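Please treat every number below as a calculation from the coordinates, not as lab data. Here the structure is a predicted model, which means the values were calculated and not measured. Neighbour counts are summed over all protein chains in view; Cβ atoms, including those assigned to glycine, are modelled from backbone coordinates with ideal geometry.
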Amino acid sequence: MIILGTPASGKTTLARQLAGDLKLACFCKDDIKEALFESLGVGSRDWSRKLSDASFAVLAGLARAQISAGMSCIVEGNWRQAHAAELSDLAQRGARTAQVSCRAERSEIVRRFTQRRRHPGHLDDVLRGEVDAAGRTPPAFLELPGPRWAYASDDSAAYAGLLSDLQSWGL
């Protein structure tokens, strides 16, 4: 399962909750990226983007390993179409893919982003304007086969419906 969305849209919270309820491995982009910051250091916005790209490659590799072992997993991040090639290989090998796009009201995304505390390597102070703009446009799903769900992370009733849908789908 692929969980995607804008920064502060609730992706990580959703991924971890679903992983517990569905008993699936969960791999989150920022966990990988923050380990890279600790190992390789913090730098410019370009450096952060390079570590993001490396993190997406690692996520896809972890998903391939899980699926090769016959196990499902969740990969979470602010996936963009540029990173979909990393995952399309899995679909071509017959792996079932499902996508959940996290969304929230723009004001809620801005509130969450402003209040959260992340590793300084993310350069959140620099990104505040980008997050405000991103909150206005919902992310696109990746061009991959399989079902797609839009999840309103600021709707307390939405989780139960999504969990039920995913269990009906066979997770």
Going from the fewest other Cβ atoms within 10 Å to the most, one would list 107, 101 as 107, 101
Under the helix-only model (-39500 (n - 2.57) for each DSSP H run of 4 or more, divided by the residues of the chain), the mean residue ellipticity at 222 nm, to 500 deg cm²/dmol, is -17500 deg cm²/dmol
Listing 114, 97 by rising number of other beta-carbon atoms within 10 angstrom, fewest first, gives 114, 97
Once amide H atoms are placed 1.01 Å from N in the peptide plane, what residues at a sequence separation of 5 or more from residue 25, or on another chain, have their amide H within under 5 Å of its amide H? 74
Tell me the Kirkwood hydrodynamic radius of the range 1-42 in angstroms, computed as one over the mean inverse distance between distinct C-alpha pairs. 11.4 Å
Tell me, what ³J(HN,Hα) does each residue in the range 45-56 have, in order and in whole Hz, if you take phi through Karplus 6.51 cos²θ - 1.76 cosθ + 1.60 with θ = phi - 60° and put x for Gly and Pro? 4, 4, 4, 4, 5, 4, 5, 5, 4, 4, 5, 5
State the Cα centre-to-centre distance between the range 1-70 and the range 89-118 in whole Å. 11 Å
Under 16 Å between C-alpha atoms is the cut-off here; go through the range 2-157 and count lysine pairs that meet it, provided they're at least eight residues apart or on different chains. 4
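In the chain, what % of DSSP beta bridges are antiparallel (nearest 5)?
Percent antiparallel among DSSP bridges in the chain is about 0.
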How large is log10 I(q)/I(0) at q = 0.10, 0.11 Å⁻¹ when the Debye formula is applied to the Cα atoms of the range 2-157, each weighted equally and without solvent? -0.35, -0.42
